[in-house]
């Protein structure tokens, strides 16, 4: 039973109606004296929400605290933060090579279905993204769901929200009558996930906050975690085939991360948030390390694994083989691997072109080196597909070019080996002709690698998909014209005047507006029906098809250009997530990965996990010693920012560029930030901020200023006092006008 004597904040909280009645009494004396309307009693203040970060605005001290926390997260570990001998912080608690899952007790299964019930109950009508972000929907739907779902002790909430987004997107493709509603529900899941992630970022500071945010995004979760036993047995009664064949870790079976689910569901709004990009950047640089989940490993080495940790290069071994799978390091290494592949390809083809006579098709040493290296490069590409699956790999910007080269190479290799075995020159010539088709793939791929965040290439990838789809669809539809013209070309005795290839060639020329030969020769098929079909095809193919194609490509480019930042950050997230590898095959550079597969894979079945791990890391360190040494030297100097005073500009080194800026007309714009303001200026800024943010009704401006300043005087030369007074008076007038407008709108 509730008590009548209410105490605490609820006792002093006026109702909305009482507030309107109190606000309806105006002081005419005040109005005549000061020349503007005042409210007596003063407008009641809204009470803050009980959540840790529920306020609509932050104070200056709160903003400074968050800025210091972000700066601390980017600096090198302090002396009091001790890392273990692997360079990981927090250090491991024991010598167990496989650390247990710290999130195994979270009710993931229950949370997934609880979120689904809430979203279905809360969203019954279709809304656009702009409508979901509007203040009305935000206050009535989004914010209550965020408050209800946010749990600082449950890092799986974001994962569960994104899993529901995947399900809603799947349902919208099968249920046409609920299509727009399910899309809206999917967008709500993404929006709530971004808000929850931001609240995780704001509520956790320093190193623990960075680790907490990393656990939210890259920790592995299994959808049936915490489900009843009968549900688990009905869904998957036995181990997956990859775990049975020891190609994947059983404890990481079916585990996915929130970052991976966001990528496969194309949650670009979620991936573009500052909290998500902070973790993506730290993982990309190798500041945050973890053992990733994988679908299948070609050369599995699962003896050792680590939980999500911060990496301190000062405490790590000089030759640390795990740094080869850091996304930034791996991206640089892959660039040089591709450049070497391109050079070997050009050498193999150029030497073939340079020989004239019987030795023109001879198998040269350049071609042999190219084949061996290309096999290793293809193995690396196949292992990348097996690592995180086909869906994630194809989201890579240049994946379609890599896959095209894989197909061309194996077609060339098969035909080339057949030509050498049969000693048939025409077959060998065909093999080299097939290989020559790889240059239009390899050269653009180099441009994609050098400029991965260029909007032209990002748009080109999307437009190529639209162009291919529309071309295949148009060719399918126009196939009827080809068959009809083929039948028309028959004479009375059943002989055909023109072959299918000839007719298709004429139609292709008409399609792209190259030549009109087919229209003139169509009378040879039938004097009336032939020209009718050809002219109809010309109208549909050359006019209608090209108009639709241009409209589609323009729409695709416009959409991508409007969301350029989100598209770039989405590609960056894909590159980062795919760059973290667990397969040991990625630690070997081509073509040594082929040798490792042929030698170490049989050895794995003869040795224990511990001894195979020792053999593997020894081979990796020997083969990659120069690379590991360079990586270690670089990261000890540049991986983390050097510790500095928070919110200060690091001292600028006097280079020729900075000296030239001093003599420029705008040199003072940079020089004003070289030094921190002195303490007296800092105190004056605090005085102004405290006065402008204080209670003006109960304390006068002068009293509030003096109470903050104490015995210090006000700087009259700076003009801060007069500016603060004018801003405060303007604030009061604005607030009075706002109160009057609110009361008039409410009809008080």
Checklist entry - With 484, 489 as the choices, which residue is surrounded by 13 or more Cβ atoms within 10 Å (Cβ to Cβ), more than 16 Å from residue 542 (Cβ to Cβ), touching a residue at least 12 places away in the same chain (Cβ under 8 Å) and in contact with a strand residue (DSSP E or B) (Cβ under 8 Å, 6 or more places away or on another chain)? => result 489
Checklist entry - How many of the residues in the range 91-103 are assigned to a loop (DSSP other than H, G, I, E, B) and more than 26 Å from the chain's Cα centre (by Cα)? => result 9
Item to check | Tally, over the range 112-131, of residues that are buried (at least 18 other Cβ atoms within 10 Å of the Cβ) and either under 23 Å from the mean Cα position of the chain (by Cα) or not assigned by TED's automatic domain parsing to the domain that holds residue 200 (or both) | outcome: 1
Next on the checklist: Can you find a residue that is modelled with pLDDT under 60 and either part of a loop (DSSP other than H, G, I, E, B) or in the same structural domain as residue 285 (by TED's automatic domain parsing) (or both) anywhere in the range 657-666?
Outcome noted: no
Next on the checklist: Let me confirm something: among 596, 551, 573, which residue is within 30 Å of residue 271 (Cβ to Cβ) and surrounded by 15 or more Cβ atoms within 10 Å (Cβ to Cβ)?
Outcome noted: 573
Checklist entry - Name the residues in the range 517-534 that are within 51 Å of the chain's Cα centre (by Cα) and exposed (fewer than 15 other Cβ atoms within 10 Å of the Cβ), would you? => result 517
Checklist entry - In the range 71-104, which residues are surrounded by 16 or more Cβ atoms within 10 Å (Cβ to Cβ) and within 30 Å of residue 185 (Cα to Cα)? => result 103
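Are any of the residues in the range 354-375 within 30 Å of residue 260 (Cα to Cα) and buried (at least 18 other Cβ atoms within 10 Å of the Cβ)? I'd like the intermediate steps shown before the answer.
Within the range 354-375, the first condition is being within 30 Å of residue 260 (Cα to Cα), and the residues that meet it are 374-375.
Then keep just the ones that are buried (at least 18 other Cβ atoms within 10 Å of the Cβ); that gives 374.
Taking every residue of the range 354-375 in turn, at least one turns out to be within 30 Å of residue 260 (Cα to Cα) and buried (at least 18 other Cβ atoms within 10 Å of the Cβ).
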Item to check | Candidates 520, 513, 541, filtered to the one that is in a loop (DSSP other than H, G, I, E, B) and either at pLDDT below 90 or not assigned by TED's automatic domain parsing to the domain that holds residue 295 (or both) | outcome: 513
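For every residue, the table says whether it meets (1) in a loop (DSSP other than H, G, I, E, B); (2) without any contact (Cβ under 8 Å) to a residue 12 or more places away in the chain; (3) buried (at least 19 other Cβ atoms within 10 Å of the Cβ).
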residue	(1), (2), (3)
275	no, no, yes
302	yes, no, yes
314	yes, no, no
331	no, no, no
Checklist outcome for this item: Checked against (1) farther than 30 Å from residue 550 by Cβ; (2) in contact with a helix residue (DSSP H, G or I) (Cβ under 8 Å, 6 or more places away or on another chain); (3) exposed (fewer than 13 other Cβ atoms within 10 Å of the Cβ), residue 499 satisfies every condition except (2)
Checklist entry - Quick check, is residue 107 under 24 Å from residue 214 (Cα atoms), surrounded by fewer than 18 Cβ atoms within 10 Å (Cβ to Cβ) and under 24 Å from the mean Cα position of the chain (by Cα)? => result no
Checklist entry - Does residue 71 satisfy being closer than 20 Å to residue 274 by Cα, part of a helix (DSSP H, G or I), within 26 Å of the chain's Cα centre (by Cα) and modelled with pLDDT of 90 or more? => result no
Checklist outcome for this item: Of the listed residues (561, 595, 573, 551), the one being out of contact with any helix residue (DSSP H, G or I) (no Cβ under 9 Å at 6 or more places or on another chain) and in a helix (DSSP H, G or I) is 551
Item to check | So residue 397, is it buried (at least 17 other Cβ atoms within 10 Å of the Cβ), touching a helix residue (DSSP H, G or I) at 6+ places or on another chain (Cβ under 6 Å) and part of a helix (DSSP H, G or I) | outcome: no
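Going through 368, 347, 339 one at a time, which residue ends up being more than 30 Å from residue 85 (Cα to Cα), outside the structural domain of residue 216 (by TED's automatic domain parsing) and in contact (Cβ under 8 Å) with a residue 60 or more places away in the chain?
Working: 368 fails: in contact (Cβ under 8 Å) with a residue 60 or more places away in the chain; 347 fails: in contact (Cβ under 8 Å) with a residue 60 or more places away in the chain.
Residue meeting the stated conditions: 339.
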Item to check | Failed item, numbered, when residue 607 is tested on (1) in contact with a helix residue (DSSP H, G or I) (Cβ under 8 Å, 6 or more places away or on another chain); (2) part of a helix (DSSP H, G or I); (3) free of Cβ contacts under 8 Å to residues at least 24 places away in the same chain | outcome: (2)
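Specify which of the listed residues (544, 549) is under 19 Å from residue 472 (Cβ atoms) and in contact (Cβ under 8 Å) with a residue 60 or more places away in the chain.
Numbers: 544 fails: in contact (Cβ under 8 Å) with a residue 60 or more places away in the chain.
Of 544, 549, the one residue that is under 19 Å from residue 472 (Cβ atoms) and in contact (Cβ under 8 Å) with a residue 60 or more places away in the chain is 549.
The values are calculated or read from the model by the stated rules, or taken from the named source; none is laboratory data. All values reported here derive from a predicted model rather than from experimental measurement. So basically every Cβ, Gly included, is an ideal-geometry build from the backbone, and we count neighbours across all protein chains shown.
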